[in-house]
Structures are given as structure tokens and as C-alpha cells.
1. Mind checking which aspartates and glutamates have their Cα closer than 17 Å to the Cα of residue 124? Skip sequence neighbours fewer than 8 apart in that chain.
2. When a/c is below 1.5 the answer is rounded, else prolate if a/b is larger than b/c, else oblate, so apply that to region 58-146 with a ≥ b ≥ c taken from the square roots of the Cα gyration tensor eigenvalues.
3. Identify the trypsin sites (Lys or Arg not before Pro) of region 48-146 meeting these criteria: DSSP loop state and at most 13 other C-beta atoms within 10 Å of the C-beta.
4. Straight-line reach from residue 79: which aspartates and glutamates fall under 12 Å, measuring Cα to Cα and dropping same-chain residues less than 8 apart?
5. Magnitude of the Cβ-charge dipole of region 11-88, K/R +1 and D/E -1, about the Cα centre, nearest 20 debye?
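Here, each number is a calculation from the coordinates, and none is a lab measurement. Model, not experiment: these values are computed from the prediction. With ideal geometry, Cβ positions are generated from the backbone for all residues, glycine too; neighbour counts draw on all protein chains shown.
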Amino acid sequence: WAPGLPRRLGEQAGRQPGDGLNRELSEELGEAAAAFRVERTDYRSSHVGSGPHVVAHFYAKLLTLEQLTAVEIGAPRAKDHGLEVLGLVRVPLYTLRDGVGGLPAFLENSFIGTAREQLLEALKDLGLVESGSLSKAAGRRISAPP
């Protein structure tokens, strides 16, 4: 999960950034978010935004297949789903035999801010993709078809 939450939201309430994140997840994902809680140990990094008083905090949470399925089924019915996010995205954790399809192609998409680097960091730290495969996928640049 990589939402950017203004630091002032957490400071005003005397809470940690994770508290605001869990509230946002509940609003955007509905009841499925109650099955897990993002904790301090899920924190990865922070990035100071270009706007005044904005710090984006990056968290990565491993979910069980059951939790992920519940999120995918329940999110479209959540109170605020679709108002602040465009939906859920599954990152392909594989590379096709052609060396382009899968994760390398996914990484060619446009990412906001440092989201691409944060994704790569989380995939590596959580051991979801072998380091060599990740480096290869991250370094590949796909040329436009003729």
C-alpha cells in the first residue's frame, strides 16, 4: 500500500501516520480492511513532497490469499471506493519468456512521485521477486513498436 498522507493529519490527532492509513483503508476498502491492520513494522520509507507540509509515508503489508480475495470482492462496495483511488492493481510478479511481458512491462507504466522505486524496494525487501529477476525487470526499457 502506498498512499501519501499529509503529516498534519496524524499530528493534529496526536496519532501516528499508520492510524490515518488504517482509517483510509477502511473507507476505501470497506469491511475487508477490518481483517488486517497496517502496523509500524509494515513501514518502509517516507518522502517529502513538493508541496508545503506534505510527507508521503510508504507501507507494505503482506496479505493472505483469503485477505486479498476479501479486499478485491469487498472494495467496490466500500463507502468511499472510487472517490480517491481508481481501483486495485495486481502487480505481476513474473516475467514472460520473451523477457518483456509481466513485471518488466508493468514497470514501464507511469508512476507518481517515487511510487516505482517504493514498489521495487518492497518487492525486494519482502522477497516477493528474486533479486536477479527484479534487477533485470527494473532495468529493462521497452522500445515502442515500429
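1. Partners found: 42.
2. Cα axes put region 58-146 in the prolate bin.
3. Loop-located and lightly packed - 79, 90, 97, 141.
4. Residue 79 reaches 24, 27, 28, 31.
5. That gives region 11-88 a dipole magnitude of about 160 debye.
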